[in-house]
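One structure is given here, and the rest of the page talks about it.
The values are calculated or read from the model by the stated rules, or taken from the named source; none is laboratory data. Remember, predicted model here, so these are calculated numbers, not experimental data. Cβ placement follows ideal geometry from the backbone for every residue including glycine, while neighbour counts extend to all protein chains displayed. Areas reflect the complete protein model, heavy atoms only, side chains present, ligands, DNA and RNA absent. Shrake-Rupley method; radii C 1.70, N 1.55, O 1.52, S 1.80 Å.
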Amino acid sequence: MKINKKMQDAFNAQIKEELYASHLYLQMAFWFSKEGWNGFAGWMGKQSHEEKEHAMDMAKFLVDRGGEVLLTDIPSVQTSWDSPTDVFKDAMAHEEHVSAQIEKLANVADEVKDRAAANFCAKYVDEQVEEEKTMRDILTLFEHSGGAGLALIDHIVGEGRK
Ligand SMILES: [Fe+2]
Ligand SMILES: [Fe+2]
């Protein structure tokens, strides 16, 4: 079954969200590098790459379903932050935003009765639970450290232990 127009539009909107997230996290990675937080920089760089992969995966799904990928301008992202905590608070808020958008996408799939799209969305609904948890865990480490020990957290996150 060729993909329905409403479903296609919703996927293209989500692809834009994923690419925006990729830009945002890449900018965060560069900010961390500039400030000398190399562990966080590496970790954010990986997140940026993963968001690009989400966009590519969704684009492939559209193509596989006989749909059309329509890329649009990506809005510019914030370029500086006051502290590592601020960056992770913004990243957490962004993941929550993406989770809400993914739910909307899944709702469109239900509305147009597209089972393949609904199945496809289900893995991203699960993925968002993980992504939010990871960000929350890092923010909790920041809270526990009370501002001290940030360098150690930078090292731990950089090593992929969080
Ligand atoms: Fe994503
Ligand atoms: Fe994400």
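Computed from the C-alpha gyration tensor, the three semi-axes of the ellipsoid equivalent to the range 1-113 are 31, 14, 10 Å, from longest to shortest.
Accessible surface of D110, taken over heavy atoms with a 1.4 Å probe and every protein chain present, rounds to 90 Å². Normalised by the number of residues in the chain, the average gap of Cα pairs under 8 Å and 6 or more apart makes the relative contact order 31 percent.
Our helix-only sum for the chain, with -39,500 (n - 2.57) per DSSP H run of n ≥ 4 divided by its residues, gives a mean residue ellipticity at 222 nm of -27500 deg cm²/dmol.
Put a plus charge on the Cβ of each Lys and Arg, a minus charge on the Cβ of each Asp and Glu, and nothing anywhere else: the dipole of the range 51-162 about its Cα centre is then about 220 debye. Measuring nothing but protein heavy atoms, the accessible surface of the range 42-155 at 1.4 Å probe radius is 53 percent carbon and sulfur. Taking all protein chains together, L26, L71, L19, L62 sort by accessible area into L71, L26, L19, L62, largest first [probe 1.4 Å]. Solvent-accessible surface of the chain, taken per residue with a 1.4 Å probe and all protein chains present: 53 Å².
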